[in-house]
Amino acid sequence: MSGFPANDAASTDAESTRLLAVMARRIAASLDLRETLRIVAASVVDQLGFGCAVVNMTRPGDLCEVVAVAGSPEAAAALLGTCAPMDTWRKLLADCEPWGELRFLDHRSDQRHARSIAGWVPPVDPPGGRRPDARRRQLLEQFAVHAALAIEHARAHTFLARSEQLFRAMFDRSPIAIALLTEDERITRVNEAFEKLLGRDSAALLGRTATELRRPDSVPARRGTDAAGPPAGQYEIHFTRPDGRPVWGRVNSTLLAAEAGGGDPGLVLTQIEDITIQRTMQARFAHAATHDRLTGLPNRTLVLDRLESALTEAGRGQDRVAAFYCDLDRFKEINDTLGHAAGDQMLVEAGRRLSQAAREQDTVGRLGGDEFIVISHPVPSTAELIAIASRLVRAVQRPFALRGEKIALSVSVGAALSAPHDDADSLLANADRALYAAKAAGGDGWRLAVSG
């Protein structure tokens, strides 16, 4: 554009609208901040007819950095990227009076970019010998206002883009397993740590739901009362890798709210800390606290707990509970002649045989020494109790193979069947009395005591 258009108000207003629309379209085509500033400078030259346009951005220390130059290659080569104090630009424009002016537009954003500045220096030899009139200067000021808004828009977009880049870098490089899920728990993005934790690559994970990956018996608590939504907050979950190795994870899930009015569904940011070692150690400690170290059978503590539970359940119905006290006959003689190591082997084998003779739902435990106990529930009749006691005796009667020899062993069993108001102590006391009766009869057999 050469020179200025006619100087009447109507044509200037129309031209103002047109030129601002042109600049707006050009700026809308780019969201990069530096490119937006270049377009602003080019629009001043192309649309308003100035010979050169310079755009500065304020920097700390009251400095101005030239970030865009249009209209003069020489000026661009000399100025682009340079920094000068604000006072230098003020003096430059003041020396051009009455044709040069400096206008401050209060468009504050942050401390690094305190305000947008509109200023101009008239051409040394304006076309037609005319200077920019008041309306033309007003139009330039409108350009500055629109440019300031465009700059803020581009700056915000740049900030969001950088934030997204930072998020992606943190997401991808985090040593903690991270995934993004939809509200119906479908996986949309995972990082490398997540792939390693579950033993699957992203191709095998994307699009699948968390329910498909966790064990059926591992169901996290739902947040609030929304049973349909994804679980949020912190909880533990049990996965199984394709190689069969179990993995325990401590999950932290955060529901990322959808953008208001955007129509996009929310996402769930899920972080999983591998706690498999901790859970394994906890399970070992718990097992050691409730199981016999030698045989691996439930110890007295666990047996009594299960007996109390069985009696409570039986009290709510018509079921009965049976207790079988089992004591190996003359085991001390075998232990003394063959040694404790051999005796331990026989205890382990005896516990295994008693477990096989009992029913699947029964509890077989070791109380200590050569004493074992079997808790059976439900036992519908005395006949069923007798059948179980007989199997226990026969299971131990088979010879034991030890050091290439056949060792004979037997067991005495005292059986007791619960009455409606029996507790654990009374039932075990009855079974203990029956055991002594079996021992007194010579062992290798069972005796029955019915309480009440």
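Structure notes:
- Residue match in segment 342-362 (condition: β-branched (Val, Ile, Thr) and touching a strand residue (DSSP E or B) at 6+ places or on another chain (Cβ under 8 Å)): no
- Here segment 302-342 is the region considered, the condition is being surrounded by fewer than 21 Cβ atoms within 10 Å (Cβ to Cβ) and among the aliphatic types (A, V, I, L, M), and the residue that is nearest to Asn430 (Cα to Cα) is Leu304.
- Restricting attention to segment 177-204 and to residues that are under 16 Å from Leu267 (Cα atoms) and aliphatic (A, V, I, L, M), the residue that is surrounded by the most Cβ atoms within 10 Å (Cβ to Cβ) turns out to be Ala179.
- Scope segment 355-384; condition of a type in the set (Gly, Ala, Ser) and surrounded by 16 or more Cβ atoms within 10 Å (Cβ to Cβ); matching residues: Ser355, Ala357, Ala358, Gly365, Ser376
- Long-range neighbours under 7 Å by Cβ, at least six apart or interchain, first residue over 18 Å from Leu294 (Cα atoms) within segment 325-349, second among the polar types (S, T, N, Q) and not in a strand (DSSP E or B): Asp329/Ser410
- Being assigned to a strand (DSSP E or B) and touching a residue at least 40 places away in the same chain (Cβ under 8 Å) holds for only one residue in Gly443, Gly365, and it is Gly365.
- Residues located in segment 300-320, provided they are out of contact with any strand residue (DSSP E or B) (no Cβ under 8 Å at 6 or more places or on another chain) and of a type in the set (Gly, Ala, Ser): Ser309, Ala314, Gly315, Gly317
- Sole exception among (1) of a type in the set (Phe, Trp, Tyr); (2) within 18 Å of Thr270 (Cα to Cα); (3) exposed (fewer than 13 other Cβ atoms within 10 Å of the Cβ) for Phe171, by number: (3)
- Restricting attention to segment 165-211 and to residues that are touching a residue at least 12 places away in the same chain (Cβ under 8 Å) and among the small types (Gly, Ala, Ser), the residue that is nearest to Thr240 (Cα to Cα) turns out to be Gly199.
- Look at (1) in contact (Cβ under 8 Å) with a residue 60 or more places away in the chain; (2) within 55 Å of the chain's Cα centre (by Cα) and you find that Ser381 fails only one, number (1).
Every number in this text was worked out from the coordinates using simple rules, so none of it is lab data. From a predicted model like this one, the values you see are computed outputs, not experimental measurements. Cβ coordinates were reconstructed from backbone atoms using ideal geometry, including for glycine residues, and neighbour counts include every protein chain displayed.
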